[in-house]
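The values are calculated or read from the model by the stated rules, or taken from the named source; none is laboratory data. All figures in this text were calculated on a predicted structure; none of them were measured in a lab. Here the Cβ positions follow ideal geometry from the backbone for every residue, glycine too, while neighbour counts run over all protein chains shown.
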Amino acid sequence: MTFYSILFAVLFFECVRILAKVVLEDTNIPLALPITMVVLISNNVLFTTAVVEEKRLGEPNYDVAAKLLDLLAFALVSIALLLLSPGSNLFQVDASRLDSWAKGSRWLGNDSVVAAWVAILLYQTTNLVWNWTTLAFKRYPKWAVLMSHSRVLPYLLLWGLAVSGNPGAARWVGPAIAFAEVMYLFVIRPLFISPVVRKARDAAAPSS
């Protein structure tokens, strides 16, 4: 397992901890947010392993730029986790200053939960750049690339509603995001990934 997969595995367990906290305790964190994070991080670990280590999509272009993007993605998820649990977290740091900054920022809807959603939006954007950098998107059908990019739109909608003074409406977008991510990553994506994997495997097979 790569160093980056280990980093994201650690983040995955922290996401699960926060999910359990939301389910079992009385918090102001919407359930949709930790569910979305668990789904995205687990997918990141599995997909990076498939692309980089097992090379199921062919030989990846996993250069320095792609590795730096992985570190940026790690940092963005870490920020989201600190915003959700500033007092008790994986990093054992007091993130109350970060929490106060988010709650005082009008561009984040004066809400640390919205700030966490924005961090995940930036994480998703980083993943899009990663897929272009590693040439993964060049192996996808065009409709799949378009669908991958469209996944950021609900996050932008949530952010826009929160900034425009509609935090209640923004909270309704969260469950839609969680549902859409689950459907995309576990239902839609396998439909177009499987043919790409078969094509890469056939291309790598020695000719008889």
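Could you go through the range 66-86 and let me know if any residue there is among the small types (Gly, Ala, Ser), more than 14 Å from the chain's Cα centre (by Cα) and either surrounded by fewer than 18 Cβ atoms within 10 Å (Cβ to Cβ) or modelled with pLDDT of 95 or more (or both).
No, because not a single residue in the range 66-86 is among the small types (Gly, Ala, Ser), more than 14 Å from the chain's Cα centre (by Cα) and either surrounded by fewer than 18 Cβ atoms within 10 Å (Cβ to Cβ) or modelled with pLDDT of 95 or more (or both).
Wholly within the range 119-188, which helices (runs of 4 or more DSSP H) include no fewer than the required count, namely at least 2 residues that are in contact (Cβ under 8 Å) with a residue 40 or more places away in the chain and within 26 Å of residue 102 (Cβ to Cβ)?
Once the helices (runs of 4 or more DSSP H) in the range 119-188 are filtered for at least 2 residues that are in contact (Cβ under 8 Å) with a residue 40 or more places away in the chain and within 26 Å of residue 102 (Cβ to Cβ), what remains is 153-163, 167-183.
Only one of these conditions is not met by residue 163: (1) more than 19 Å from the chain's Cα centre (by Cα); (2) modelled with pLDDT under 90. Which number is it?
(2)
Looking at the range 109-125, is at least one residue within 21 Å of the chain's Cα centre (by Cα), surrounded by fewer than 19 Cβ atoms within 10 Å (Cβ to Cβ), under 25 Å from residue 9 (Cβ atoms) and of a type in the set (Ser, Thr, Tyr)?
Scanning the range 109-125, I find at least one residue that is within 21 Å of the chain's Cα centre (by Cα), surrounded by fewer than 19 Cβ atoms within 10 Å (Cβ to Cβ), under 25 Å from residue 9 (Cβ atoms) and of a type in the set (Ser, Thr, Tyr), so the answer is yes.
Check whether at least one residue in the range 29-43 is within 14 Å of the chain's Cα centre (by Cα), part of a helix (DSSP H, G or I), at pLDDT below 90 and more than 18 Å from residue 80 (Cα to Cα), and report yes or no.
For the range 29-43, residues within 14 Å of the chain's Cα centre (by Cα), part of a helix (DSSP H, G or I), at pLDDT below 90 and more than 18 Å from residue 80 (Cα to Cα): absent.
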